[in-house]
1. Any chance you could count how many residues in the range 32-53 are surrounded by fewer than 18 Cβ atoms within 10 Å (Cβ to Cβ) and more than 13 Å from Ile4 (Cα to Cα)?
2. So which residues in the range 35-74 are assigned to a strand (DSSP E or B), touching a Lys or Arg at 6+ places or on another chain (Cβ under 9 Å) and touching a residue at least 60 places away in the same chain (Cβ under 8 Å), if there are any at all?
3. Residues Ala61, Ala51, Ala16: which one is among the aliphatic types (A, V, I, L, M) and at pLDDT below 90?
4. Which condition does Ala82 not pass, out of (1) touching a strand residue (DSSP E or B) at 6+ places or on another chain (Cβ under 9 Å); (2) assigned to a helix (DSSP H, G or I); (3) modelled with pLDDT under 90, if it passes all the others?
5. Can you tell me which of (1) at pLDDT below 90; (2) part of a helix (DSSP H, G or I) is the one Lys27 doesn't meet?
Amino acid sequence: MLAIRLRRNGARGRPAYQVVVIDSRRKRDGVFICRVGSYNPRLKSAHIDTAMLRLWTERGASPTRTVARLLHRHAPGCTPAARNSGSVCLPWH
């Protein structure tokens, strides 16, 4: 089964993450299939390629809870009021 999850990179004490499509049985930082975005927790910024994300979800990849929450927070068409209300405003569905 394919999973869309975070892959850690960056220096010690300065984490940065890549959002990748990977076989769910692989290690966290193992060999991945495709990189679909990045997330920097220090700057609270995420850059997601929604076209690639949509392509991989159609092929059966499912995001982890952490990635789904990240996508919900950084969805380009989502208003701050909708984010706080708990409604779903994901561009890749």
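The values are calculated or read from the model by the stated rules, or taken from the named source; none is laboratory data. Computed from a prediction, not measured in an experiment: that's the story for all the values here. Cβ placement follows ideal geometry from the backbone for every residue including glycine, while neighbour counts extend to all protein chains displayed.
1. The total comes to 8.
2. Answer for the range 35-74, where residues must be assigned to a strand (DSSP E or B), touching a Lys or Arg at 6+ places or on another chain (Cβ under 9 Å) and touching a residue at least 60 places away in the same chain (Cβ under 8 Å): just Pro63.
3. Ala51
4. Only one criterion is unmet by Ala82, namely (1).
5. (2)
Residues are listed down the side, and each one gets a yes or a no for (1) touching a helix residue (DSSP H, G or I) at 6+ places or on another chain (Cβ under 8 Å); (2) small (Gly, Ala, Ser):
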position: Arg28; (1), (2): no, no
position: Arg35; (1), (2): no, no
position: Leu43; (1), (2): no, no
position: Ala46; (1), (2): yes, yes
position: Asp49; (1), (2): no, no
position: Leu53; (1), (2): yes, no
position: Trp56; (1), (2): no, no
position: Ala61; (1), (2): no, yes
